[in-house]
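Please treat every number below as a calculation from the coordinates, not as lab data. Owing to the predicted nature of the structure, the values given are computational and were not obtained by experimental measurement. Glycine also receives a Cβ, built like all others from the backbone with ideal geometry; neighbour counts cover every protein chain displayed.
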Amino acid sequence: MKKILISACLVGDKVRYDGKGCYTPLIKELLKYYELVPFCPEVEGGLKSPRLRSERRRNEVRNEKLEVITDKFDLGAEKALNICQYLNIKMAILKEDSPSCGVHQIYNGYFQKRKIPGQGWTTELLTKHGIKVISDQEIEDLLKIKEAEEERKEKPLKK
Ligand code: SF4
């Protein structure tokens, strides 16, 4: 079974800034096709849960007190990449909107609750190294593709 790196909060680990997880029931479906490797880049980078909210502003990450915490995000992203390379993982499913894991959009960096197009810190590093990253909002599409593949395997083309 292929391995996929997945944001740890999506499997229910209590690693978010607010001390909670955000379990998605689609995890059960994913487990039919993939071995999931849960990972939280912010906790692995040395931040605690709960922690202050943080946002990415271009090439920097700051928390709500406006302290620069980019080094923690660098460490978390590097560890995520190392795990992918060590386990030969080619795909990741990461949580949209997060300053680490956002895939298509993130908060704008000014703590105004406004989202902008952009990638999280870890998403950017994984993508640069050829790892395909999709967001949690794209899991259903991925499952549809997998289901169609399975159906094709079960019904070989008639000659
Ligand atoms: Fe979830 Fe990623 Fe935020 Fe960790 S850094 S809590 S895995 S979205």
For this session: Tell me which residues, restricted to region 12-46, are touching a strand residue (DSSP E or B) at 6+ places or on another chain (Cβ under 9 Å) and not in a loop (DSSP other than H, G, I, E, B).
Result: I27, L30, Y34, E35, L36, V37, P38, F39, P41, E42
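What number of residues within region 1-11 satisfy the criterion of being under 20 Å from G120 (Cβ atoms) and not in a strand (DSSP E or B)? Walk me through how you get there before you give the answer.
Pass one, region 1-11, residues under 20 Å from G120 (Cβ atoms): 4-11.
In the following step, the residues that additionally are not in a strand (DSSP E or B) were identified as 8-11.
Of the residues in region 1-11, 4 are under 20 Å from G120 (Cβ atoms) and not in a strand (DSSP E or B).
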For this session: Name the residue, out of R51, R62, R56, that is without any contact (Cβ under 8 Å) to a residue 40 or more places away in the chain and either on the phi < 0 side of the Ramachandran plot or in contact with a Phe, Trp or Tyr (Cβ under 7 Å, 6 or more places away or on another chain) (or both).
Result: R51
Exercise. How do the pairs read when you match residues in region 27-45 that are within 19 Å of D97 (Cα to Cα) with residues anywhere that are assigned to a helix (DSSP H, G or I) and near the ligand (Cβ under 8 Å from one of its atoms), using Cβ under 6 Å and keeping only pairs 6 or more apart or on different chains?
Worked result: P38/A8; F39/A8; C40/A8; P41/G76; P41/T122; E42/G76; E44/G76; G45/G76
Exercise. What number of residues within region 7-28 are among the β-branched types (V, I, T) and near the ligand (Cβ under 8 Å from one of its atoms)?
Worked result: 1
